[in-house]
Amino acid sequence: MLTNTSLNKVLTKARSHVINGEDEEAKKLYQTTLQDFFSQARKIKQELSSLESINKNNNPEISLKDEIHQLTQLYNQGKYTLLIEKALTLTKKNPQAWMIWNILGATYLQLKKTESALEALSKVIEINPNYNLGFNNFGVALKEQGKLDEAIQAFKKSILLNSNDAVAYNNLANSFKDQGKHAEALETYNKCIKLDPSYAEAYYNKGIVLKELGQLEKAIETYNEALSLKPDFINAYNNIGNIFQIQGKFEDALESFKKAIELKPDHAEAFNNIGMTLQLQDRLGDALEAYNTAISIKPDYARAHQNLSYALINSGRLQEGLYRYEWRWKTDEFLSQQRHFKQPIWDNKKNLKDKRILVWSEQGIGDTINWTSHLSFISSQAEQCILECQEKLVPLLKRSFQNIKVEPENRKLDSIRKDIDFHLPLGSLYKNLSKETIQNTKIDAYLKPDPVRVKFWQKRLNSIGEGPYVGISWKSANMSTERIPNYFKINDLSPILTIPNINLINLQIGDFQNDLNKIKNELGVTVHNFDDLDHLDDLDDVTALISALDMVVSNKTTASFISAAVGTKTMIANWRQSSWNNILYNPMGPSVKIFERNTWERWDNVFSSIAEDIVELKTARVNNE
């Protein structure tokens, strides 16, 4: 027969089973003890009858499981505020409960609170360094903050812990994609798809990379694979439509966008893309309607507002379009360009007399040059006008605008500056101008090259032969798939390249040697390139060279904006339906001619017309001699 001492040991052991969640073992011990200790029956029965209560209230493990289950339900229901409140309370009681931290971190990710997410998820991997999903989620938070290198390491750690996790592979591939590492991204997407052939998102993301690589047909095939797995994959239809749009298959593009809308009638992105497609077809009125529909669905849709601004400008609603253009600051690519001053933006309602204003460049070199053409509008009103621009433009713009204080961009001082009363991004200048001023594109030359260097380049040009000297530029340094229709290939210049007795001068930045070799081999044409001239960074000397030329033929590159601004004859080959074909982005100067092709046309007529102007220039030069 058991003693009271052994009874206490048995009860202690039974309670231990309870704490560990071993209910059945505890019950057996209590039942056995009841038989041997009838005199203690009342006490033991109380222990047995309170087992459920002990499970719920005194057993931290059992209680924690229930709480985690509740948090998971709240997460699935989207009740994030309540979840966060409960989770934070629980973490105080159970600071080592990594699952709670993980749910909390995932919730913060849903709410785009990445700092809080990182804090919570760092605790997950600290407490349980073997939990692969913790590293995966940590990587997602890092990626949201743009910390791609750190995110990649987190995803790789997740994969190391679980090499069969297709989600981690997809996230890793997405990070490679965002870094522009297309080869690594494709390889990783393929690994993901091999692990999970039914992973529609991975096919979709792979299609995005193929599109960026210009492999448009392969991209469409990949999107269709995603649709075979997920027929209601709205974004796949949308992206297929974008590719058809790039290919000039406008009716196919519209059909794809409409399929997306059939699945989701309030798909604002599809309506925006319909607007872009209609605009490319020169159906401006219909495009305006589509953009407005997108905005009615999603009032804060910045991209649709920006596209609408271009359409309004091109339809003659100038001021309305220019004011709408301010929505650019809410698009993804402009968010990082914003500057934060204590002083307000000048809105043309405040008098600038006795005031100091900072005007700052916000976009590319060509845009800065173009928009400074109307800077005198402000400098003539203010006590002081300061222009902050790209550092390599400072020498040129200082010489050109001697009544303006020209400085290189310095964002470190923005929040503490006391030397200004107002500020204005250059792209917002036009909305403060009168309609007549804006539409006057034949303005006087306003860039002043170094006269000593101009003479140097005139002498050097004479050393290579008689003129006329025609500078050419044909592509941007950024040749993304969407931008390609704005530019022509060097072969398209054939009507110009084959004109006898002219000297062609390279003004192209970056990778141009293969193109120059190509026309040398195929057409026997030499384009002179001055290897000692830094076309990218020595813009002051590039301006002097362009000033010494007789003509520049280009699309909208830095060379054409400089050429227009110094007064050299400037022939612009332009895509008529391009979003950039408006007063904001068309070069202005005293001698600019724009030759346009429609979306559905080749460049032949454009360059045949420009060739006629070159022949006239050549004839006039001969006659003058």
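Counting the residues of the range 136-152 that are over 19 Å from the mean Cα position of the chain (by Cα) and either assigned to a loop (DSSP other than H, G, I, E, B) or more than 21 Å from Ile193 (Cα to Cα) (or both) gives 2.
Within the range 418-450, being farther than 22 Å from Val592 by Cα and surrounded by fewer than 15 Cβ atoms within 10 Å (Cβ to Cβ) holds for Lys418, Asp419.
Only helices (runs of 4 or more DSSP H) whose full extent lies in the range 400-511 are considered here, and the ones with at least 1 residues that are within 33 Å of the chain's Cα centre (by Cα) are 435-439. A single entry from Leu539, Leu533, Leu523, Leu545 fulfils the requirement of being surrounded by fewer than 19 Cβ atoms within 10 Å (Cβ to Cβ) and under 20 Å from Leu393 (Cβ atoms): Leu533. Evaluated against (1) under 25 Å from Glu212 (Cβ atoms); (2) in a helix (DSSP H, G or I); (3) within 18 Å of the chain's Cα centre (by Cα), Gln337 falls short on exactly one condition, (2).
Residues of the range 308-333 that are farther than 15 Å from Glu362 by Cβ and aromatic (Phe, Trp, Tyr): Tyr310, Tyr323.
Residue under question is Lys191, and the condition is that it be free of Cβ contacts under 8 Å to residues at least 12 places away in the same chain, farther than 19 Å from Lys264 by Cβ and open to solvent by 80 Å² or more (accessible area, probe 1.4 Å); does it hold? Break it down stepwise before answering.
Working: free of Cβ contacts under 8 Å to residues at least 12 places away in the same chain: no; farther than 19 Å from Lys264 by Cβ: yes; open to solvent by 80 Å² or more (accessible area, probe 1.4 Å): yes.
Taking the combined requirement at face value, the residue does not satisfy it.
Starting from the range 519-536, keep only residues that are over 25 Å from Thr498 (Cβ atoms), then list their pairs with residues that are at pLDDT below 95 whose Cβ atoms are within a distance under 8 Å, requiring at least 6 positions of separation or different chains. Pairs that qualify, where the first residue is over 25 Å from Thr498 (Cβ atoms) and the partner is at pLDDT below 95, are Leu536/Ile509; Leu536/Gly510.
Scanning the range 120-140 for residues that are open to solvent by 40 Å² or more (accessible area, probe 1.4 Å) and polar (S, T, N, Q) gives Ser122, Asn130. Among the residues of the range 296-320, those identified as surrounded by fewer than 21 Cβ atoms within 10 Å (Cβ to Cβ) and either in contact with a strand residue (DSSP E or B) (Cβ under 9 Å, 6 or more places away or on another chain) or farther than 19 Å from Leu280 by Cα (or both) are Ser296, Ile297, Lys298, Pro299, Asp300, Ala302, Leu318, Gln319, Glu320. Among the residues of the range 321-338, what is the count of those that are in contact with a helix residue (DSSP H, G or I) (Cβ under 7 Å, 6 or more places away or on another chain), charged (D, E, K, R) and loosely packed, with under 15 Cβ neighbours inside 10 Å? Residues in the range 321-338 being in contact with a helix residue (DSSP H, G or I) (Cβ under 7 Å, 6 or more places away or on another chain), charged (D, E, K, R) and loosely packed, with under 15 Cβ neighbours inside 10 Å: 0 in total. What do you reckon, is Ile490 open to solvent by 60 Å² or more (accessible area, probe 1.4 Å), touching a residue at least 12 places away in the same chain (Cβ under 8 Å), β-branched (Val, Ile, Thr) and within 23 Å of Asn605 (Cβ to Cβ)? Here the answer is no, as Ile490 does not meet what is asked. The residue pairs whose first member lies in the range 108-127 and is aromatic (Phe, Trp, Tyr), whose second member is part of a helix (DSSP H, G or I) and open to solvent by 30 Å² or more (accessible area, probe 1.4 Å), and whose beta carbons are closer than 8 Å, counting only pairs six or more residues apart or on different chains, are Tyr108/Ser116.
The values are calculated or read from the model by the stated rules, or taken from the named source; none is laboratory data. What you see is a predicted model, and the numbers here were worked out from it, not measured in a lab. Neighbour counts are summed over all protein chains in view; Cβ atoms, including those assigned to glycine, are modelled from backbone coordinates with ideal geometry. Side chains included, ligands, DNA and RNA excluded: accessible areas come from the protein's heavy atoms. Shrake-Rupley method; radii C 1.70, N 1.55, O 1.52, S 1.80 Å.
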